[in-house]
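*Asks:* My questions all concern the structure below.
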Amino acid sequence: MEERKHILLIGVGLIGGSVALAIKKEHDVNITGFDVNEENCKLAEKMNIIDRYTESIEQEAGNADLIILACPVEKAERILSTLENLTLKKNVIITDVCSTKSRLMEKAEALFNGNAAFIGGHPMAGSHKVGPGSAKAHLFENAFYVLTPSKQARPEAVAELKEWLRGTKANFIIMDAQEHDLVTGVVSHFPHVIAASLVRHVQSYSEKNEHVNFLAAGGFRDITRIASSSPEMWRDIVRHNQPMLLSLIDEWMKEMDQVRGLIHEGNSEHLYDYFSGAKKFRDSLPVRARGAITAFYDLYVDVLDKPGVISSVTSLLAEENISITNIRIIEAREDVYGVLRLSFQTLEDMEKARISLEARGYETYISM
């Protein structure tokens with residue numbers, strides 16, 4: 001009987017836990033978890049995400065056929081240095097799930113030099129929830145999963161990693177590290193910086209005028225959701241993708257100078273053309289494709305704001321076994337139809353909810 005293969009999962013959170021569940025769905029393996037937060041490991045073991053956990057990477061790394069670094073990128077760099085000094089299996093594959101690649105790939109290639117197959121990975125999906133308790137085997141289904149093989153990683157190793165990750169049902173894309181950091185910088189990292197700066201800008205006004213907070217609770221809060229992501233993670237991402245972000249900010253400042261000029265000029269035709277061009281490009285983007293920033297599946301329900309309305313809606317959806325990730329009464333509703341916003345984990349859940357609610361006479365709207 002063939003011996004079960006071993007996986008060492010370093011970082012037992014939402015992403016690492018979801019990768020582990022996807023692997024277990026397709027492979028009979030033994031997964032050992034390590035996390036600086038021991039409670040994550042205990043919960044993951046209880047949920048059968050991992051089979052056991054360890055307090056020492058050094059003790060377990062030598063037995064692993066696959067090592068997954070599911071931790072912030074700067075911690076991943078430090079762990080690579082630890083792994084380089086250990087005796088690893090001859091054909092071990094090391095991968096990560098970090099959002100930046102160039103510095104990590106440079107370090108991996110310098111350290112391992114062919115002694116291990118390092119293949120960078122970035123599953124481009126996530127959730128507003130954190131921790132192993134929110135992990136799902138289908139989290140990455142139909143999402144892009146970028147792989148950045150090191151120069152020493154043979155094509156056979158890349159194929160083997162894809163086989164390990166088959167259960168994610170993700171769409172794999174091969175890129176080099178520099179291209180990855182450019183693309184994700186443009187469509188993910190830079191928007192996060194802008195969202196954070198917008199929030200800080202509004203915060204400065206909210207300290208002077210109490211009405212700002214009330215009115216920002218609607219559309220502004222929605223368009224800046226990504227500013228609520230992990231500060232630790234985004235600190236590391238910015239530090240690692242610094243040159244690209246600085247270049248993008250310089251270009252953005254030129255764009256804002258142009259916008260300032262248009263506003264100062266006040267020419268109706270020029271202003272219309274600017275907003276029309278933005279609208280055309282934005283509307284041409286895939287509506288529900290899973291891109292670099294996780295899509296939000298929101299359904300707006302037109303109901304009277306009265307006692308009992310929320311419990312009526314939630315009870316109806318509970319009867320249909322439809323899970324809601326968030327529910328909220330919208331007060332500032334400029335450009336939004338419907339007073340009640342329901343958020344869902346998947347497009348399928350949102351569609352089931354829409355059909356169920358409309359069958360009961362509720363009017364619903366989907367924001368595109």
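The values are calculated or read from the model by the stated rules, or taken from the named source; none is laboratory data. This one's a predicted model, so the numbers in the text were calculated from it and none came from an experiment. Here Cβ is always computed from backbone atoms with ideal geometry, including for glycine, and neighbour counts include all displayed protein chains.
*Asks:* From the list ILE324, ILE355, which one is part of a loop (DSSP other than H, G, I, E, B), farther than 30 Å from GLY261 by Cβ, at pLDDT 75 or above and not assigned by TED's automatic domain parsing to the domain that holds SER99?
*Replies:* ILE324
*Asks:* While we're on this one: Of all residues in the stretch 144-156, which are farther than 17 Å from HIS122 by Cβ and modelled with pLDDT of 90 or more?
*Replies:* If the condition is that a residue be farther than 17 Å from HIS122 by Cβ and modelled with pLDDT of 90 or more, then ARG154, PRO155, GLU156 are the ones that fit.
*Asks:* Right, next: Is it the case that LEU304 is over 20 Å from THR224 (Cβ atoms), modelled with pLDDT of 75 or more and not aromatic (Phe, Trp, Tyr)?
*Replies:* Spelling it out, it is not the case that LEU304 is over 20 Å from THR224 (Cβ atoms), modelled with pLDDT of 75 or more and not aromatic (Phe, Trp, Tyr).
*Asks:* Related question: Regarding the stretch 166-178, can at least one residue be identified that is of a type in the set (S, T, N, Q), within 23 Å of GLY33 (Cα to Cα) and touching a residue at least 12 places away in the same chain (Cβ under 8 Å)?
*Replies:* Scanning the stretch 166-178 turns up at least one residue that is of a type in the set (S, T, N, Q), within 23 Å of GLY33 (Cα to Cα) and touching a residue at least 12 places away in the same chain (Cβ under 8 Å).
*Asks:* Just to be sure, is MET244 in contact with a strand residue (DSSP E or B) (Cβ under 7 Å, 6 or more places away or on another chain) and within 30 Å of PHE118 (Cβ to Cβ)?
*Replies:* When the stated conditions are applied, MET244 does not pass them.
*Asks:* What are the pairs, 6+ residues apart or on separate chains, where a residue within the stretch 72-92 that is touching a residue at least 40 places away in the same chain (Cβ under 8 Å) has its Cβ under 9 Å from a residue that is polar (S, T, N, Q) and crowded, with 17+ Cβ neighbours inside 10 Å?
*Replies:* Once the first residue is touching a residue at least 40 places away in the same chain (Cβ under 8 Å) and sits in the stretch 72-92, its partners that are polar (S, T, N, Q) and crowded, with 17+ Cβ neighbours inside 10 Å give VAL73/SER99; VAL73/THR100.
*Asks:* Against the definition (part of a helix (DSSP H, G or I), surrounded by fewer than 20 Cβ atoms within 10 Å (Cβ to Cβ) and at negative phi), how does GLU60 come out, yes or no?
*Replies:* Criteria not met by GLU60.
*Asks:* A further question on this structure: Across the stretch 183-216, what is the total count of residues that are over 30 Å from THR148 (Cβ atoms), in a helix (DSSP H, G or I) and in contact (Cβ under 8 Å) with a residue 60 or more places away in the chain?
*Replies:* Qualifying residue count for the region: 2.
*Asks:* Touching a Lys or Arg at 6+ places or on another chain (Cβ under 9 Å), buried (at least 22 other Cβ atoms within 10 Å of the Cβ) and at positive phi: does that describe GLY33?
*Replies:* no
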